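The values are calculated or read from the model by the stated rules, or taken from the named source; none is laboratory data. It should be emphasised that the depicted structure is a prediction, and the values quoted were computed from it without experimental measurement. With ideal geometry, Cβ positions are generated from the backbone for all residues, glycine too; neighbour counts draw on all protein chains shown.
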Amino acid sequence: MFAFTNSKEKASPTIVGAGAKFTGDIRAEHIIQIHGTVQGNVNADTVIIGRGGVVTGSVHAREFFLHGHMDGPATVDIANIFPEATMTGALSYFKLNITNNDGLECRLVKRKK
């Protein structure tokens with residue numbers, strides 16, 4: 001099956017699929033979904049690390065959804081942390097939503113606007 005962007009879409013998401021391993025920095029103006037492994041820095045409007053996703057590096061995003069594992073610092077406007085998520089490093093945020101999680105071993109830093 002082929003992925004494509006139709007004329008009504010502004011941009012399609014960037015996806016690192018399950019089982020894929022990527023080394024290097026990823027930058028996109030829209031959504032980045034990570035279901036595999038990324039060793040590098042991730043920068044986008046929205047970053048989603050899925051249940052099987054692993055990022056070793058930094059994340060910079062307006063909105064951040066963490067279901068998998070993050071090893072490194074994240075600087076985001078809105079952080080959404082889900083039950084099975086784990087994280088080490090520092091999480092710098094304006095707004096933080098944590099749903100029934102006990103896997104965070106990171107430093108939380110509330111930023112002022």
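The figures follow:
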quantity	calculated
R51 vs. criteria touching a residue at least 24 places away in the same chain (Cβ under 8 Å), over 21 Å from A11 (Cα atoms) and either under 12 Å from the mean Cα position of the chain (by Cα) or assigned to a strand (DSSP E or B) (or both)	yes
Residue within region 63-74 that is out of contact with any Ser or Thr (no Cβ under 6 Å at 6 or more places or on another chain), closer than 25 Å to G17 by Cβ and either surrounded by fewer than 21 Cβ atoms within 10 Å (Cβ to Cβ) or modelled with pLDDT under 95 (or both) present	yes
Subset tally (residues that are assigned to a strand (DSSP E or B), within 16 Å of the chain's Cα centre (by Cα) and of a type outside the set (K, R)) for region 68-107	24
Top-ranked residue in region 11-40 [being part of a strand (DSSP E or B) and of a type in the set (S, T, N, Q); ranked as surrounded by the fewest Cβ atoms within 10 Å (Cβ to Cβ)]	T23
Residue check, N43 of a type in the set (S, T, N, Q), outside any loop (DSSP other than H, G, I, E, B) and under 16 Å from A11 (Cβ atoms)	yes
Meets criteria (within 25 Å of L108 (Cβ to Cβ), touching a Leu at 6+ places or on another chain (Cβ under 8 Å) and modelled with pLDDT of 95 or more) for I32	no
Number of the exception - G57 against (1) at positive phi; (2) surrounded by fewer than 16 Cβ atoms within 10 Å (Cβ to Cβ)	(2)
